[in-house]
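This report concerns only the one structure given below.
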């Protein structure tokens, strides 16, 4: 059971406190409710570039990391399609330093042409390193583009292409900051060797004076229901053929998510899973196979990716996979199989709670999706899944017309 | 009562800093099983979770053929005679337990993560796989095929190729620390060679156990019951000698790859491991140069020039040696400029004393890192693993704290001159 307290400042900043007196550390996590889904199709990759800019200094602080490191701390951040999340971990005695740093950049980020140019270069190198300069590196671009036609999930968080990143202006920075980096669009979680009173007074002191921004009205278009199968063939300089099957599914808060999350485990998590046993071990069609959900706040994807055994025809291997999925969607899953994935989920939850930073991040995310209490109750949602649910939801998801397929072929030299 | 903000807060004033002066490190409880296996226990976790790690002297150092160590470790995840692959993994899943197996440079380890409440049946399943894994030929074929495909992917990445060329240049491609995998290595793997490797090295006489988490007497009793017997005594591994390349002479090598967007750069040299008397002080010098986000290399090459997404330097320690390495991936067009800047930063450490402001920051940062790295039984156990294989103890960390807090700018300069001279560095670039 993770105990926490929660309060909201007058400017709308939500604050959660998770006391743990067994550690000498404090974790400070700030989640901003902004991700690449808030971008427009002509200007993609900006939420992530902006995350880099947040370390370039603010009105009273020349460089974000320097004072934090001096306080014995460290920070990092990540951006995905839904959120931008920043965290600091430092000796609890220096907690106030993190409040000073985080509040100053929320109040008055200081970005000039020079820092924009610099971080633009760094992000371009990041783009090259992770998406261009390795085999299959472009697959997230292909997946997003094939599966989504209307919703902003049609581009990956890094951005559609280098040209978009090259084109941003200082004005984009100012507007984005003003709109999204406001207390009423953020969630602050402080964990570790702290007290609620201490966090309350520090929050008032450092964040209380930051003016609220305008309420954000999101107008993100719904992705229409896919009514016919989509296919894409790619030939590239990669070592072997790979198959990607993308099925539309529910959002992070839907029952569909909890059911299909368990289904992904039943199908392809580990050597005892159904698809591994049948398609890798018995039929020797794939060298590896994985299934996972994207778990996004708007309707997401259930993805199966597999690498074929050299010499095996991809279409033949795909047929066998389709047959397995069809059979799975017609046959009632064994009760024991379901209990097994629930036990795995329980264990994963316990291990994830060991680390104060994970707890703080999880609390912030659960608060964002509607209820911080999920940190203790989400397991019940998994436990409530029945065999009948698995059958029903698998039938909904694993329909041929709901599927997009990428055939990623190795260029034959 | 909350303090109401009336707009008079002076944000230019830095909050006062407290210094982490000393650490209070969780000491292991040291036991031994009836058959002599040393057990190091780190207890006190609140959650109902436990991690058990079996460590054997069965790393690459002990191989007769390449891949024996990593594949013997890997095949422990494929079950035993009583619990073949599917049953083994199915039962572990059923109890929500998971295992990791790893063959490293000197040791091989098998890690078990489990909730306490399921530990008894889980250990019963794990016992046989540790003592006598099945290594079914079909399972071996699947694992080999999958690893081979993964290696083909790696062979197309400049960073993998640069790492490979770099370690080979230091130790020689036949040396266990210098050999990085080739596709042909997989051709020589047989069930028999893995079984004989396992039989020789995965024995009680060659094993240590580190237990961490929420540990009670019951956990220890279970370990005694399943792993404390004389049935798998074996003999301690003898340390064999390996012919090591003399790589004292500087080597510069550039393999261009047509169409590559980035070049992977590795710069470094052979040094020593963490038992060397200068290692702890040198780790402070390394931190200044490239060991953290605010380091000189990162500040210059990423935050000033924008040549890279990241650059780090590190001291790699093995039981019988060690080396210094700087790694980064940079745009192909700025390859030479980045290399020049790396040497400039090394020379600057040799020529100018570090000012007190920077040194103070690095001291605080390193102390904070240690505090973080020792937070809770899992983390302390992980840190301890990196000590005991060198016959070092927790005391080593206290002397590291001393080194961090007492090293002087003069001493830093002296060490930089002794060890970080650009003229002695191997320089490998790929891409």
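Computed from the coordinates by the stated procedures, all read-outs in this text should not be read as laboratory data. On a predicted model such as this, the values are computed, not experimentally measured, just so you know. Here Cβ is always computed from backbone atoms with ideal geometry, including for glycine, and neighbour counts include all displayed protein chains.
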Open item on the list: Against the empirical 2.2 N^0.38 Å scaling, what ratio does the C-alpha Rg of the range B:189-260 come to?
Closed with: 1.97
TODO: Report P(r) for the range A:230-410: all Cα-Cα distances, bin width 5 Å, range 0 to the bin holding the largest distance, values in whole percent.
DONE: 1, 8, 15, 19, 19, 15, 11, 8, 4, 1, 0
- [ ] Once you've got the GNM for chain B with C-alpha springs shorter than 10 Å, pick whichever of B:53, B:258, B:141 has the biggest mean-square fluctuation.
- [x] B:258
- [ ] Could you check the simple spin-label distance between residue B:183 and residue A:7, using points 7 Å along Cα→Cβ, in nm with one decimal?
- [x] 6.4
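How big, in percent, is the set of alpha carbon pairs in the range B:111-244 lying more than 27 Å apart?
Working: 3908 of 8911 pairs.
It works out to 44 percent of all Cα pairs.
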- [ ] Sort A:386, B:167 so that the residue with the fewest other Cβ atoms within 10 Å of its own Cβ comes first and the one with the most comes last.
- [x] A:386, B:167
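Average projected area of the Cα convex hull of the protein assembly as shown, in nm²?
Approximately 33.6 nm², given one-decimal rounding.
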Open item on the list: Of all beta bridges DSSP finds with both residues in the range B:29-232, what is the antiparallel percent, to the nearest 5?
Closed with: 85
Task: Distribution of pairwise C-alpha distances over chain B, 20 Å bins, in % - done: 22, 51, 26, 2
TODO: Kindly provide the Kirkwood hydrodynamic radius of the range A:110-208 in Å, to one decimal, from all pairs of distinct alpha carbon atoms.
DONE: 17.0
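Taking the Cβ of each residue in A:1, B:75, B:156 as the centre, tally the other Cβ atoms inside 10 Å and list the residues starting with the fewest. The partial results should precede the final answer.
Numbers: A:1 5, B:75 25, B:156 16.
Taking fewest neighbouring Cβ atoms as first place, the list is A:1, B:156, B:75.
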Task: Cα-based Rg and Dmax for chain A, where Dmax is the largest Cα-Cα distance (Å) - done: 22.9, 67
Task: Residue of B:43, B:146, B:98 that the Gaussian network model of chain B assigns the largest fluctuation, springs spanning Cα pairs under 10 Å - done: B:146
Task: Exposure proxy order (Cβ contacts within 10 Å, fewest to most) of B:177, B:292 - done: B:292, B:177
Task: More than 30 Å apart - percent of Cα-Cα pairs taken over the range B:252-430 - done: 21
Task: Inter-centroid distance (Cα atoms) of the range A:201-280 relative to the range A:161-189, Å - done: 23
TODO: Determine the relative contact order of chain A: mean sequence separation of Cα pairs under 8 Å and six or more apart, normalised by residue count, in whole percent.
DONE: 22
Task: Ellipsoid semi-axes in whole angstrom, largest first, where each is sqrt(5λ) of the Cα gyration tensor of the range B:386-431 - done: 28, 20, 8
TODO: Under a 10 Å cutoff between Cα atoms, tell me which one of A:322, A:298, A:38 has the largest fluctuation in the Gaussian network model of chain A.
DONE: A:322
- [ ] Compute the Rg to Rh ratio over the range A:5-207 from the alpha carbon atoms, using the Kirkwood formula for Rh, and round to two decimal places.
- [x] 1.00
TODO: Calculate the mean, over all residues of peptide A:69-81, of how many other protein chain Cβ atoms lie within 10 angstrom of the residue's Cβ.
DONE: 5
Task: Spread of Cα-to-Cα distances over 5 Å intervals beginning at zero, given as percent, for the range A:224-289 - done: 3, 13, 17, 17, 19, 19, 10, 2, 0
Open item on the list: Largest first, please: the extent of the C-alpha atoms of the range B:29-232 along each principal axis, to the nearest Å.
Closed with: 49, 34, 33
TODO: Translational diffusion coefficient, Stokes-Einstein: compute it for the range B:84-156 using the Kirkwood radius over C-alpha pairs as Rh, at 25 °C and 0.890 mPa s, and state it as an integer in µm² s⁻¹.
DONE: 175
Open item on the list: Report for the range A:230-410 the percent antiparallel among DSSP-assigned beta bridges with both residues inside it, nearest 5.
Closed with: 75
Open item on the list: Output the 0 to 90 degree angle, nearest 10, between the alpha-carbon long axis of helix A:95-108 and the longest principal axis computed from the alpha carbons of chain A.
Closed with: 80
